[in-house]
């Protein structure tokens with residue numbers, strides 16, 4: 001293998017690693033936000049239909065969707081291995 005091929009492979013590995021790290025970091029941030037917000041909303045048995053509650057619920061749903069999309073993107077990057 002020549003040096004240009006090696007350098008190209010290293011740069012590609014860095015790019016892939018950075019992309020995967022970004023996906024995982026985004027999932028982690030969303031998850032921490034859910035952990036902080038969900039108990040306040042979901043454990044409240046006297047939920048009122050107020051703009052604040054609606055906004056908090058929308059926030060939780062957006063975080064869940066973001067995690068779902070991140071997981072799908074991460075899953076798509078996992079190479080399939082023949083058995």
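Any read-out appearing in this document is the output of simple, stated calculations on the displayed coordinates, not a laboratory observation. Because the structure is predicted, anything quoted here is derived from the model rather than measured. Cβ: placed from backbone, ideal geometry, glycine included. Neighbour counts: every protein chain shown.
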**Study point:** Set 36, 48, 40: member being in a loop (DSSP other than H, G, I, E, B), surrounded by fewer than 15 Cβ atoms within 10 Å (Cβ to Cβ) and free of Cβ contacts under 8 Å to residues at least 40 places away in the same chain
**Key:** 48
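Looking only at region 67-81, which residues are in contact with a helix residue (DSSP H, G or I) (Cβ under 8 Å, 6 or more places away or on another chain) and either within 10 Å of residue 23 (Cα to Cα) or not in a helix (DSSP H, G or I) (or both)?
Taking region 67-81 and keeping what is in contact with a helix residue (DSSP H, G or I) (Cβ under 8 Å, 6 or more places away or on another chain), we get 67, 70-71, 73-74, 77.
Hits for region 67-81 are 67, 70, 71, 73, 74.
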Check your understanding: Pairs under 9 Å by beta carbon, first residue touching a residue at least 12 places away in the same chain (Cβ under 8 Å) in region 9-22, partner in a helix (DSSP H, G or I) and surrounded by 10 or more Cβ atoms within 10 Å (Cβ to Cβ), six or more apart or different chains?
Key -> 16/77; 19/73; 19/77; 20/74; 20/77
